[in-house]
Amino acid sequence: MVKGLKVGAAVLIALSLLSGCGSNDSSGGSGDSAGSGKVELQFLQYKPEARDTFDKLIAKFEQANPNIHVIQDNPPDASTALMTKAASGQLPDVIANGGDNVHASLVQSGVLADLSSDPNLQKVSDVYVKILHDISGSDKTYGIPYGVNANGVIYNKALFKEMNLTIPQTWDEFIALCKKIQDAGKLPFYFSFKDAWTSQPAFNALAASTQGNDFYKRHSEGKTTYTSEYKEAADKLLQLVTFGQKDSFGKGYNDANVAFAKGESVMYAQGVWAIAEIKKANPSIELGIFPYPATNDPSKNKLISGVDQLLSISANTEHPNEAKKFVEFLLDPANAKEYVKGVNTFSAVKGVTQDDPSVSDLAPYFDKGQIADFVDHYTPSNMKLDQLLQELIMKKDVAGFLKNMDDEWSKAESRK
């Protein structure tokens, strides 16, 4: 894993200049709620599929803490909104975002509270705390892992049974499965490349299992390149997308969730975060999810799992005690259980299990520790990996894609 992930210097400078400012200005809504005497906490979280679940948890928290009012903010492009708020000195009191380059940027800018000595860290798995350290490049802890996701191939169990299909263990078996589905007149995959980010889940899995050990550590040390180690992942992504619908660039994430829920494809290249949305469209659907069999050696095929949701507190919140109380409430095992049940992810909180049968195929990989983090968590945001992948899928120019990856990485390094 990469140490000391860097982001654009301009962003860091802007954040650093404002890190001494309050997390909310007088017009930002922080403080007493409408003169009622209640403390008002601004809570920004980035997952649309978690909105309803957090609303329920907030209502439960407010009932137990009538003097605190929590306002959930879940903007469409939450990561951009979060960075904008941070740069303008209006960082929310509590933040629930992903363990990725945005978190690294916030850590490096000094706008998050240091939680290294927070007793709540004892409630969560050390594995995911280390992942956050690797991503941020800091040995201090500025976020407490909460939700843990998994990226794989979602499949329609009824269609698998009807077509006498079995879960593939190798890449060759995977491609043979896709061809069998196609030959039967059904669509293997429904893709949604209108939303650029949806090109990343499959690529994350293919790259993580084929890029070699400690790729990003070696890459940051100048010992390897994308060109030398990412060709297999790029080739396999292009092979996989041939099994999707013709208008894959005309459909977005929500379209794909509904289409898969209706049985328009047998499989879906997403992660566990999509399950709740699929079930909203079809509550009776029976589905499962298996790790990408990215290679022909099952022992090398890893489940892609990372910190999907972490809990951070603004270093300059006007209400640190109330913010900590809300975070502690969310980390309570009963509430953490309600969260993972609502969004069909896993929990970083010790002892909290995910019992949904739709994700039972993933349990052996967690048990064996056959896990790798998302590669895009280590890619500087200004590389715009999602757009590079869109271009790869459209142009099918693997050499050009790899060169662009190396060029964009070099530009990101030069901004250190």
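Results, tabulated for the structure shown:
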{"read-out": "Matching residues in the stretch 80-103 - criterion: being under 17 Å from Tyr146 (Cβ atoms) and in a loop (DSSP other than H, G, I, E, B)", "value": "Pro92, Asp93, Gly98, Gly99, Asp100"}
{"read-out": "Of residues in the stretch 112-132 being over 13 Å from Val327 (Cα atoms) and of a type in the set (D, E, K, R), the one least open to solvent (accessible area, probe 1.4 Å)", "value": "Asp114"}
{"read-out": "Check on Lys236, modelled with pLDDT under 95 and more than 21 Å from the chain's Cα centre (by Cα)", "value": "no"}
{"read-out": "Count of the stretch 53-79 residues which are modelled with pLDDT of 95 or more and not in a loop (DSSP other than H, G, I, E, B)", "value": "18"}
{"read-out": "Any chance Lys395 is in contact (Cβ under 8 Å) with a residue 24 or more places away in the chain and over 21 Å from Leu132 (Cβ atoms)", "value": "no"}
{"read-out": "Residue within the stretch 316-338 that is at pLDDT below 95, within 20 Å of the chain's Cα centre (by Cα) and either among the β-branched types (Val, Ile, Thr) or not assigned by TED's automatic domain parsing to the domain that holds Leu206 (or both) present", "value": "no"}
{"read-out": "Which listed residue is assigned by TED's automatic domain parsing to the domain that holds Leu402, touching a residue at least 12 places away in the same chain (Cβ under 8 Å) and within 18 Å of Phe193 (Cα to Cα), from Lys231, Lys262, Lys251", "value": "Lys251"}
{"read-out": "Failed item, numbered, when Pro293 is tested on (1) touching a helix residue (DSSP H, G or I) at 6+ places or on another chain (Cβ under 9 Å); (2) open to solvent by 40 Å² or more (accessible area, probe 1.4 Å); (3) touching a residue at least 12 places away in the same chain (Cβ under 8 Å); (4) not aromatic (Phe, Trp, Tyr)", "value": "(2)"}
{"read-out": "Some residue of the stretch 364-385 being part of a strand (DSSP E or B) and more than 20 Å from Asp55 (Cα to Cα)", "value": "yes"}
{"read-out": "Verdict on Phe326 being crowded, with 17+ Cβ neighbours inside 10 Å, touching a residue at least 40 places away in the same chain (Cβ under 8 Å), of a type in the set (Phe, Trp, Tyr) and more than 22 Å from Tyr155 (Cβ to Cβ)", "value": "yes"}
{"read-out": "First in the stretch 197-211 and part of a helix (DSSP H, G or I), second anywhere and polar (S, T, N, Q) and open to solvent by 20 Å² or more (accessible area, probe 1.4 Å), Cβ under 7 Å, 6 or more apart", "value": "Ser199/Gln390"}
{"read-out": "Any hit, the stretch 301-315, residues being open to solvent by 50 Å² or more (accessible area, probe 1.4 Å), part of a strand (DSSP E or B) and in contact with a helix residue (DSSP H, G or I) (Cβ under 8 Å, 6 or more places away or on another chain)", "value": "no"}
{"read-out": "Scan of the stretch 174-196 for residues that are farther than 24 Å from Asn149 by Cβ, in a loop (DSSP other than H, G, I, E, B) and open to solvent by less than 60 Å² (accessible area, probe 1.4 Å), ordered by number", "value": "Leu187"}
{"read-out": "Verdict on Asp355 being part of a loop (DSSP other than H, G, I, E, B) and over 25 Å from Phe249 (Cα atoms)", "value": "yes"}
{"read-out": "Candidate set: the stretch 133-164, residues that are touching a His at 6+ places or on another chain (Cβ under 7 Å) and not β-branched (Val, Ile, Thr); chosen: the one surrounded by the fewest Cβ atoms within 10 Å (Cβ to Cβ)", "value": "Asp139"}
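The values are calculated or read from the model by the stated rules, or taken from the named source; none is laboratory data. Model, not experiment: these values are computed from the prediction. Because the Cβ atoms are built from the backbone with ideal geometry, glycine has one as well, and the counts that use them run over all protein chains shown. For accessibility, only protein heavy atoms count, side chains too; no ligands or nucleic acids. Shrake-Rupley method; radii C 1.70, N 1.55, O 1.52, S 1.80 Å.
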